[in-house]
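Below is one structure, written out as structure tokens; the observations come after it.
The values are calculated or read from the model by the stated rules, or taken from the named source; none is laboratory data. Worth saying up front: this structure is predicted, and the values here are computed from it rather than measured. Note that we place each Cβ from the backbone using ideal geometry, even for glycine, and neighbour counts take in every protein chain shown.
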Amino acid sequence: MGAWLHDPLTWSDAVIIFLWGAVFLFVVLGFVTYAIYFERKVIGWMQLRIGPNRVGPLGLLQTVADIFKLLIKEDTIPRKADRLLFVLAPILCYVPAFTVLAVIPYTEKLYFADLNVGLLYYAALSGISTLAIVLGGWASNNKYALLGGMRSAAQMISYEVPLVISVVGVILLSGSLNLRDIVDAQAGGWFWDWNFLPQIIGFVVFIIAAVSELNRTPFDLPEAESELVAGYHVEYSGFRFAFFMLSEYVYVYAIAALTTVLFLGGWHAPAPFLDFVPGIVWFLLKFAFIVFFLFWIRATFPRIRVDQLMGLGWKVLLPVSLLNVFLTAGYLELFVK
Amino acid sequence: MFNIDFNGEFAAFFIFSAIMIIGAVLMVSLQKVVHMVISMAGVFLGLAGMFVLLDAEFVAFVQVLIYAGAVSILMIFGIMMTNHRGAKADPVKPLHETLAAIAALCLFGILFYAIRTTDFPDAQPLQAVEDNTSSIGELLYTGYVVPFELLSVLLTVAFIGAIAIAKKGEE
């Protein structure tokens, strides 16, 4: 990929880059389809159920059928909704979700953009999705949707702060905002060279804040089924609803990939004698583990209360992540320089 | 007169300018406040694109993070809390509008003339740095450390002041 990015842009290169983007879109759609299937299966098994098993062999076509259902459903727009924003919100939610994936490096050779502020790019664009969720909630002209949108915005803004500060330690250790350089800085052969052990405080804060950013259980207050009907997307149906769901799962992909890159050494093998296995396999293994971990949390944790949510974000995670920055800076100043 | 070579950079510049100008025009002409905030967010995004064109990626994405993300959401929050019913458009005053249009055209003429006639000296050519983000960081913590610290103190004061004012209203 690197060769195309550094050459001057010709029409044929532009077509190739566009086709890669399209291929990647289908990879992500395939991931989302089967992530939903595995989520239902895994949660089913954990709760002593079977999970989907009717459509296709082992229920493998269940999500395909669900998506087809969403696409042929009647597309309703409430009469008193703000029509323009109601239509705009799902698009505005999905576009940043897909564009943040551009900076994720998969192996040394396979990456889509080599941006020297990759991490900042991720944090900045994912904020736009929050805007879309608030807009969707507001444009629906429904009190449950508005409440869900409000909760979501409050939660995502509060947890974005510790999320960004918790990775400052990683940036200090590797001296770069470029995600490829961050992975390179974790080279060394053994798994204790990866950032998750030296940055254990940052890692824990990052995981908690990331689950909250994803609006997943135990932080799924914006769409708490039992109290809010469905949250910000209660008035959406058909493919507009599908876009909200899609962006939620694309963010699962993004966060799992980002965690792998920042803390779990990206494409590096856990031990030097395992180097013969190609890097992409290691990346996918770590990535799949994070995705499974998110499903696992969802199957086992109860929902946190709305008044505890803000307290946890501002009074616990933020000071802890700031402390992590101080400790890392102090360590670098005293022992490394 | 206009010595411009049509390349990708020019096309991108043109697209971003179009986004910014359309956003700015919609911002003043739309009726609902939430729509105005969205068009303003469009202007912020276009501006971020301009920064990318100028090789200032750090500033560009901070612009997206702070303005297009945080500030826009904050404004929408404020608007939702205060509950605006779509304000009625003011009755049109023909004389007033004609005069405003003439004034705006004059201002445009003056600015355009001034920009065209000004001779921009080629100050030292931009020294492209390998990693401009780390250069910004180094400058902030060496040459500009005092203004940087003063600004953070100012922000803290504003922050505490805002909390104090909000507390006062509660009592």
Cβ-Cβ under 6 Å pairs, at least 6 apart or on other chains, segment A:44-73 side more than 23 Å from A:PHE239 (Cβ to Cβ), far side crowded, with 17+ Cβ neighbours inside 10 Å and among the charged types (D, E, K, R): A:GLY51/A:ARG40; A:GLY51/A:LYS41
Just wondering, is there one or more residues in segment A:112-125 that are part of a helix (DSSP H, G or I), more than 10 Å from chain B (Cβ to nearest Cβ) and either free of Cβ contacts under 8 Å to residues at least 60 places away in the same chain or surrounded by fewer than 23 Cβ atoms within 10 Å (Cβ to Cβ) (or both)? no
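Tell me yes or no: at least one residue of segment B:3-10 is crowded, with 16+ Cβ neighbours inside 10 Å and over 25 Å from A:ILE157 (Cα atoms).
Looking for residues that are crowded, with 16+ Cβ neighbours inside 10 Å and over 25 Å from A:ILE157 (Cα atoms), one finds none in segment B:3-10, hence no.
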Evaluate the following for B:ILE115: is it assigned to a helix (DSSP H, G or I) and either surrounded by 14 or more Cβ atoms within 10 Å (Cβ to Cβ) or in the same structural domain as B:GLY137 (by TED's automatic domain parsing) (or both)? no
Does A:ASP75 fit the bill of being touching a Ser or Thr at 6+ places or on another chain (Cβ under 9 Å), surrounded by 15 or more Cβ atoms within 10 Å (Cβ to Cβ) and at pLDDT below 90? no
Out of (1) farther than 23 Å from A:THR217 by Cα; (2) at pLDDT below 85, what's the single condition that is false for A:ALA154? (1)
Which of the residues belonging to segment B:68-84 are more than 10 Å from chain A (Cβ to nearest Cβ) and not hydrophobic (A, V, I, L, M, F, W, C)? B:GLY78, B:THR82, B:ASN83, B:HIS84
Of those in segment A:6-46 that are modelled with pLDDT of 90 or more and over 27 Å from A:PHE243 (Cα atoms), the residue surrounded by the fewest Cβ atoms within 10 Å (Cβ to Cβ) is A:TRP45
Inspect segment A:282-300 for any residue being surrounded by fewer than 19 Cβ atoms within 10 Å (Cβ to Cβ), within 20 Å of A:ALA185 (Cβ to Cβ) and within 20 Å of the chain's Cα centre (by Cα) and give the result as yes or no. no
From (1) assigned to a helix (DSSP H, G or I); (2) within 11 Å of another protein chain (Cβ to nearest Cβ); (3) among the charged types (D, E, K, R), pick out the condition that doesn't hold for B:GLU97. (2)
Identity of the residue in segment A:127-144, at pLDDT 85 or above, more than 7 Å from every other protein chain (Cβ to nearest Cβ) and touching an Asp or Glu at 6+ places or on another chain (Cβ under 7 Å), that ends up nearest to B:VAL33 (Cα to Cα): A:ALA139
Do the conditions hold for A:GLU108, that is, is it touching a residue at least 40 places away in the same chain (Cβ under 8 Å) and either under 29 Å from A:TYR122 (Cα atoms) or touching a strand residue (DSSP E or B) at 6+ places or on another chain (Cβ under 9 Å) (or both)? yes
